[in-house]
Amino acid sequence: YLAPMVAGLIRLWWRSARVVRVVGEHHLDAVLARHPAFLPVYWHQHHLFCAHYLLAQQATRALRTGFLISPSLDGELGAMIMRQLGGQVIRGSSTRTGALAMKEYFQALMREQVSPVLNPDGPRGPRFRCKPGAVMLAQMSGREIVPLAYAASRAWLVHWDKFVLPWPGARVVI
């Protein structure tokens, strides 16, 4: 019962702010014209609305978006929530099982044609410091990196990474 409730709250938050503009959307079209899957990359703090944008694109484009979620028992709730939101779940941990996570990402990208989201600064930081995983995966797979970010007219900055949580009624640009 908890996963559908949390997914509903996330959807409500998405609806509470308006995405007023997407800059550079033609780059996504160009990448998808070359390959069915790519590497979406954004800072950990931008997860809420970058993920929303990618998940929304699945309805109008041939796109499957994947998210790395811990294989731990605690990660099961996150996996259930992500499935409720329409995302593909890739089980692994960048901090505990980094090499295995990279293998899972590669398989999802190449075999399953899933575009696996990468947060180059990871869940533990340091904030805005790009770790080598995204570049290594791009080199190994020959797939393109598509950087994303968003800004909100009004937002709370939460936790160590200054997670951007737009206020209800805020305008969002991706």
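Per-structure values
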quantity: Residue-normalised accessible area of segment 1-51, given per residue in Å² at a 1.4 Å probe; calculated: 56 Å²
quantity: Highest-fluctuation residue, Pro147, Pro126, Pro36 considered, GNM on the chain with Cα pairs under 10 Å; calculated: Pro126
quantity: Charge tally in the Cβ shell below 11 Å around Gly86, where Lys, Arg are +1 and Asp, Glu are -1, Gly86 excluded; calculated: +3
quantity: Overall dimensions of the chain by Cα: Rg and Dmax, Å; calculated: 15.4, 42
quantity: Selection from Ala155, Ala37, Ser141 lying farthest towards where the dipole of the chain points positive, charges on Cβ; calculated: Ala155
quantity: Carbon and sulfur %, accessible surface of the chain computed with the full protein complex present, 1.4 Å; calculated: 60 percent
quantity: Sequence-distant residues sharing a close amide H with Phe163 (under 5 Å, placed H); calculated: Val158
quantity: Charge tally in the Cβ shell below 12 Å around Asp121, where Lys, Arg are +1 and Asp, Glu are -1, Asp121 excluded; calculated: +4
quantity: Net charge of Cβ neighbours under 14 Å - reference Ala155; Lys, Arg +1; Asp, Glu -1; calculated: +3
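The values are calculated or read from the model by the stated rules, or taken from the named source; none is laboratory data. Since the model is a prediction, treat every value here as computed from it, not as a measurement. No Cβ is skipped: glycine too gets one built from the backbone with ideal geometry, and neighbour counts run over all protein chains shown. Each accessible area value is taken on the protein alone, full model and side chains, heavy atoms only, with ligands, DNA and RNA left out. Shrake-Rupley method; radii C 1.70, N 1.55, O 1.52, S 1.80 Å.
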